[in-house]
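K.L.:
Before anything else, here's the structure in question.
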Amino acid sequence: MSVSPYWNPKNETLTRAELATLQTAKLQRAVAHAAARSPFHQRKLESAGVTAASIRSLDDLRRIPFTTREEWMACQAETPLFGDMLAHPRERAIRYHLTSGTSGKNPLRVLDSRRDWQWIAECWAYGFWAFGVRPTDTVFFAFSYGSFIGFWGAHYACEKMGALTLASGNMPTDMRVRQIIEMGVTTVCATPTYALRLAQSAAEQGLDLRGSAVNKVIVSGEPAGSIPETKKLIEDAWGAKVADTAGMTELGTICMFECSHQPGGMHIIEDHFIEEVLDPATDEPVGYGEKGERVVTSFGREMIPVLRYRTRDMVVKVPSTRCACGRGFDIYEGGILGRVDDMLLIRGTNVYPRAIEGIVRGHAEIDEFQVLVEKQNDIDEIILRVELKPGTEACWPRLAKQLDFDLREAHEMLRFGVQQADAGSLPRFELKARRVLDKRRKP
């Protein structure tokens, strides 16, 4: 394995026992920092009787109360704009970011200090180096630089590594594609959805992406980056390998990355995070190979301590030995599998958007899709709307029949409505795709 020159290279090959010792020491420091400086965490830790001295092993982690998004939002609503989670004065911050937000909810507001920002870039460098990015690369960010954290940290990581780093800002899609080819870009960073959109634009312009210098596409922001069918579409379109990464605004940076060995999942950056996998109903830990909710403690956030944050992401953890790269970091098999609150209950059947995408992306004729859920005569109905690639319209009768069969097979014979949408009628996305439109009245 070619170890990373970022942070402490030996941490990547620690034994599990050595890693537990390191994590325990960092957990003690994180608790001490939060208890001393963040009023929000002071209250929670005191009520649970937890101090830094009471943390003697990782078994004591479970004594620390959870932090939820709802608490964080309430804290910021009570004490605008940032609540009393901050561990340092606002004047210490150099960066301001918002979560991408959801309909009807206010975004979370996050501040980062200079030290935070150095750490954020370092964690991204971990992941990029692992997939083969080097100082000789030219890296293109197909990302509009706003207040959403997105690929901001990755941009600075590439500069830190010495790679030529190209920001595309508000550049339109067709111009981005031309610059990727003109500049001899070797690595493209985008959401999975937008990577496919860039490939579509290249085809519309008669440009040969497969013959370009691009050999790596690094994606983030959507579970689709680890869906084999979607990944294969991107790899086929670009003639390049695709790596998935995942992080959250609340946690500051990426927490996991796919290495060049592509073991079917992402390594967790375990020397900078503790990632628990819990049963979301009982809050009890689940073992390797079992699905659960990831709960994350971050060691790197200075401005905003993060202790046992409930991400609502569903994951399956497997041992590091699943990968031949030699890293000792455990792996989330299949990446982020979805969210606890993503599940749709349709006439007594559980439906997950990720499963739908896996089926849809298995058909190369499909350009874009949308899932519509609504009530018809007081009965829940789910409809898949599909937009075809130009020139493939004649396949629709066969494709519609196959989609109907595949969707019912995967969902306990639940019948979906399958409809063809007009060309160009479905929304396109640069950042996180929102393909599920649930029109049912919420209770």
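Rule-based calculations on the coordinates, nothing more; no lab input. Treat the numbers as computed from the prediction; the structure is a model and nothing was measured. Don't worry about glycine lacking a Cβ; one is built from the backbone with ideal geometry, like all the others, and counts go over all protein chains shown.
K.L.:
When a/c is below 1.5 the answer is rounded, else prolate if a/b is larger than b/c, else oblate, so apply that to the range 19-66 with a ≥ b ≥ c taken from the square roots of the Cα gyration tensor eigenvalues. Walk me through the numbers before you get to the answer.
P.N.:
Details: a/c = 2.39, a/b = 1.59, b/c = 1.50.
Prolate, since a/c reaches 1.5 and a/b exceeds b/c.
K.L.:
Using a cut-off of under 20 Å, list every residue of the range 294-337 whose amide N is near the label point 7 Å from the Cα of residue 16 along the Cα-to-beta-carbon line.
P.N.:
Answer for the range 294-337: 294-297, 315-335.
K.L.:
On to the next question. If each residue's Cβ is checked for other Cβ atoms within 10 Å, how do 176, 92 rank with the fewest at the top? Spell out each step's value before the answer.
P.N.:
On the way: 176 25, 92 16.
The fewest-first ordering by Cβ neighbours comes to 92, 176.
K.L.:
Could you check which residue among 399, 307, 86 shows the biggest mean-square fluctuation in a GNM of the chain with a 10 Å Cα cutoff?
P.N.:
Looking only at 399, 307, 86, the largest GNM fluctuation is found for 399.
K.L.:
I would also like to ask the following. Among all the aspartates and glutamates, which ones have a C-alpha under 14 Å from residue 44's C-alpha, if same-chain residues fewer than 8 places away are not counted?
P.N.:
Cα-Cα hits under 14 Å: 71, 84.
K.L.:
Select from 183, 85, 161 the residue whose mean-square fluctuation is largest in a Gaussian network model of the chain (Cα-Cα springs shorter than 10 Å).
P.N.:
Of 183, 85, 161, the most mobile in the Gaussian network model is 183.
K.L.:
Need one number: nm distance between label points at residue 440 and residue 36, each 7 Å from Cα along Cα→Cβ, rounded to one decimal.
P.N.:
5.0 nm
K.L.:
Also: Note down the relative contact order for the chain as a percent, whole number, built from C-alpha pairs under 8 angstrom at least six residues apart. Could the numbers behind the result be given before it?
P.N.:
Working: 864 pairs, mean separation 60.4, N = 443.
Relative contact order, the chain: 14 percent.
K.L.:
Further, regarding this structure: For residue 46 and residue 70, what is the calculated FRET efficiency with R₀ set at 30 Å and r taken between the beta-carbons, to the nearest 0.05? Kindly include the intermediate steps, with their values, before the conclusion.
P.N.:
Numbers: r = 20 Å, r/R0 = 0.68.
Taking R0 as 30 Å, the efficiency between residue 46 and residue 70 is 0.90.
K.L.:
Using the basic label-point model (7 angstrom from Cα toward the beta carbon), what is the residue 78 to residue 409 distance in nanometres?
P.N.:
Here the answer is 5.3 nm between the modelled labels.
K.L.:
What ranking do 238, 117, 124, 396 get, fewest neighbouring Cβ atoms within 10 angstrom at the top? Before the final figure, lay out each step's value.
P.N.:
On the way: 238 23, 117 20, 124 31, 396 14.
If I rank by nearby Cβ atoms, fewest first, I get 396, 117, 238, 124.
K.L.:
Using 0.36 nm per residue, how much length does the chain from residue 279 to residue 63 gain when fully extended, once their Cα-Cα distance is taken away?
P.N.:
Values: separation 216, 0.36 × 216 = 77.76 nm, distance 1.65 nm.
Extra length available between residue 279 and residue 63 comes to 76.1 nm.
K.L.:
Starting from the Cα of residue 389, draw a straight line to each of the lysines and keep only those under 19 Å, dropping any in the same chain fewer than 8 residues away.
P.N.:
The reachable lysines, counting only those whose Cα sits under 19 Å from residue 389, are 231, 232, 401.
K.L.:
What order do you get for 439, 231 when you list them from fewest to most C-beta neighbours inside 10 Å?
P.N.:
Values: 439 9, 231 24.
Arranged by neighbour count, lowest to highest, 439, 231 become 439, 231.
K.L.:
Name the shape class, rounded, prolate or oblate, that the alpha-carbon gyration tensor gives for the range 344-438, where a ≥ b ≥ c are the square roots of its eigenvalues, rounded holds for a/c under 1.5, and otherwise prolate holds if a/b is larger than b/c and oblate otherwise. Working shown, then result.
P.N.:
Working: a/c = 1.68, a/b = 1.34, b/c = 1.26.
Judged from the Cα gyration tensor, the range 344-438 comes out prolate (a/c at least 1.5, a/b above b/c).
K.L.:
How about residue 375: which lysines have a C-alpha closer than 22 Å to its C-alpha, ignoring those fewer than 8 places off in the same chain?
P.N.:
Qualifying lysines at Cα under 22 Å: 439, 442.
K.L.:
If you don't mind, another one. What spacing in nm lies between the two simple spin-label points modelled at residue 262 and residue 90, each 7 Å away from Cα in the Cβ direction?
P.N.:
4.7 nm
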